[in-house]
1. List the pair-distance distribution P(r) of region 59-145, using every Cα-Cα distance, as the percent of pairs falling in each 5 Å bin from 0 up to the bin containing the longest distance, rounded to whole percents.
2. Express as a percent, rounded to the nearest 5, the fraction of DSSP beta bridges in the chain (both residues included) that run antiparallel.
3. Where does region 174-300 land on Rg/Rh, using Cα atoms and the Kirkwood Rh?
4. Using bins 5 angstrom wide from zero, how does P(r) for region 95-149 break down, in % of all Cα pairs?
5. Would you please state the base-10 log of I(q)/I(0) at q = 0.15, 0.19 1/Å for region 1-124, with intensities from the Debye formula using one equal scatterer on every alpha carbon?
6. Any idea what Rg and Dmax come out to for region 46-202 if you just take the C-alpha atoms, in Å?
7. Would you mind estimating how fast region 172-247 diffuses translationally, via Stokes-Einstein at 4 °C and 1.567 mPa s with the Kirkwood radius over Cα pairs, in µm²/s?
8. What spacing in nm lies between the two simple spin-label points modelled at ASP241 and ARG171, each 7 Å away from Cα in the Cβ direction?
Amino acid sequence: MNDTNSSVSLGGKRILVTGGAGFLGSHLCERLLSEGNEVICMDNYFTGSKRNIMHLMSSPSFELLRHDVTFPIYLEIDEIYNLACPASPIHYQHDPVQTTKTSVHGAINMLGLAKRTGAKIFQASTSEVYGDPKVHPQTENYWGHVNPIGFRSCYDEGKRCAETLFFDYRRQHNLRIKVGRIFNTYGPRMHPNDGRVVSNFIVQALTGQPITIYGEGEQTRSFCYCLDLIDAFVRIMNTDDSFTGPVNIGNPDEFTIRQLAEKVIAMTNSSSKLEFKELPSDDPTQRRPDISLARKELGWEPTIKLEQGLAKTIEYFDGVLSAESKPTTHTAPGN
Ligand code: NAD
Ligand code: UDP
């Protein structure tokens, strides 16, 4: 490692996590710190929050950088986990041009950094590279069925282009790349208003609002608990340099959206009723990862069943909602 802008090493590796203040990034920072590494968490707080990493701030091995990944940055690091990108449809569709820039310019900047420093680099890719898949379950050799000009394209095509860049940097510059295709993941620290299905249903159920099912609710998803996924990230990074992926990471247990709604209602003891709304365009009909490659190459498979993960996530949102409803000096009567 070149030491021009470094402090005294506290041991372990120096690792950059882009999007580190987000849902998955914050769990990853926590895991990497617990293994004795120095972690630089870079984020522009578009969807992430300092709250997610507040508990890590007192660690001398943790450093926080407000920075937009679409601009170059000079750091000395051993590994990069590139997670910066809004992940929920309402967030990535809010400023679609910026979403594509984040994936594409962000990948170029991080690959350039990896090239200069010789760092290993992991890309948080997505099952969206398969679009509305015609092959089920999805295997890594399936090229996908993606609309290039629709509302989801800024995310799907941005992530596809990022994968292209990763593999071209590998072929052209021999970079040590790792690409993980993440399937729907949930857990504590999801943004309560990000519109993703698990957070939406839990918040709606806990507050007695109708559970909004898009379409008939017959579309399927396979939900992975966040800590299982983070374990896969670290295993991917630690593979031999000859292993690049792409590798699917997610939970192969598949549920319809209606089944998820019924489970959440039952587990929260909620009186919420189902409300059917229009299905957004290009919403994938079915999604389930084939994780044979992850099992073989990483020795990994998810360990947390949906009910267990939902219980932890419900507990988290229950805490967030009750903290929000507690009177503060600004809201309490008489203040
Ligand atoms: P998230 O929105 O909670 O986290 C994304 C983080 O990136 C946020 O902290 C955000 O502020 C930051 N960010 C966004 N644009 C940035 C920019 N230009 N510069 C710097 N930081 C920026 O979402 P997440 O669920 O934690 O997703 C993390 C990564 O995993 C994303 O790349 C996402 O595409 C990928 N992924 C997630 C899922 C999932 O189900 N959670 C599925 C597939 C892929
Ligand atoms: N969905 C839903 N109600 C909601 C939010 C989402 O029925 O309140 C559906 C959405 O149409 C999709 C699935 O749940 O079919 C998963 O949506 P999410 O936004 O979590 O992730 P996606 O897999 O679509 O990126």
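Every read-out reported here was derived from the displayed coordinates using simple, explicitly stated rules and does not represent laboratory data. From a predicted model like this one, the values you see are computed outputs, not experimental measurements. When we count neighbours, we look across all protein chains shown, and the Cβ atoms used for this are built from the backbone with ideal geometry, even at glycine.
1. Once binned at 5 Å, the Cα pair distances of region 59-145 give 3, 12, 18, 19, 17, 15, 9, 4, 2, 0.
2. Rounded to the nearest five, the antiparallel share is 10 percent.
3. Ratio of gyration radius to Kirkwood radius: 1.05.
4. Histogram of Cα-Cα distances, whole percents per bin: 4, 16, 19, 18, 17, 16, 8, 2, 0.
5. Each listed q corresponds, in turn, to -0.63, -1.00.
6. 16.3, 49
7. This corresponds to a translational diffusion coefficient of 86 µm²/s.
8. Taking the two extended label points, one gets 2.0 nm.
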